[in-house]
Amino acid sequence: MSAVELWITIVGMTIVTVAARTLMPAFGDRLPLPPRVQHALRFAPACALTALIAPELLTEQGAWAISLANAKLLAGVIAIALMLATRSMMATMGIGMAAYLALRHFG
């Protein structure tokens, strides 16, 4: 990607971001979203978090690494199971990181 293409991309993304962040507060009352869209938007944070975390857990050095040798994936599975069982964010973060460090060190 050339420098010009990079700057065009940055400016374009800036325009889209500013438009998205200003249009809804400015016109949100006049343009109500359908109930189906409002319901779908409730899942946006979970989808965004999954989109950020899943590639990190499922790949190693740019290649798929779906195996028991992948310490990140195993620690992620442990953290997900713990979160589902306890609903404790602090315990999930602490034990998930401890599991990752132990798997990486001993695995």
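Note on the stretch 28-39: among residues that are exposed (fewer than 10 other Cβ atoms within 10 Å of the Cβ) and part of a helix (DSSP H, G or I), the one that is modelled with the highest pLDDT is Arg36.
Considering only the stretch 52-70, I want to know if a residue exists there that is crowded, with 17+ Cβ neighbours inside 10 Å, under 18 Å from Phe106 (Cα atoms) and either in contact with a Lys or Arg (Cβ under 8 Å, 6 or more places away or on another chain) or not aliphatic (A, V, I, L, M) (or both). Yes, the stretch 52-70 contains a residue that is crowded, with 17+ Cβ neighbours inside 10 Å, under 18 Å from Phe106 (Cα atoms) and either in contact with a Lys or Arg (Cβ under 8 Å, 6 or more places away or on another chain) or not aliphatic (A, V, I, L, M) (or both).
Residues in the stretch 75-107 that are over 18 Å from the mean Cα position of the chain (by Cα), surrounded by 13 or more Cβ atoms within 10 Å (Cβ to Cβ) and within 17 Å of Leu58 (Cα to Cα): Ala99, Tyr100, Leu103. Scanning the stretch 62-77 for residues that are in a helix (DSSP H, G or I) and within 17 Å of Thr50 (Cβ to Cβ) turns up Lys72, Leu73, Ala75, Gly76, Val77.
Figure legend. Inter-residue proximity from the stretch 1-17: first residues at positive phi, second residues assigned to a helix (DSSP H, G or I) and aromatic (Phe, Trp, Tyr), beta-carbon distance below 8 Å, spacing 6+ or different chains. No pairs are indicated.
The values are calculated or read from the model by the stated rules, or taken from the named source; none is laboratory data. Remember, predicted model here, so these are calculated numbers, not experimental data. Glycine also receives a Cβ, built like all others from the backbone with ideal geometry; neighbour counts cover every protein chain displayed.
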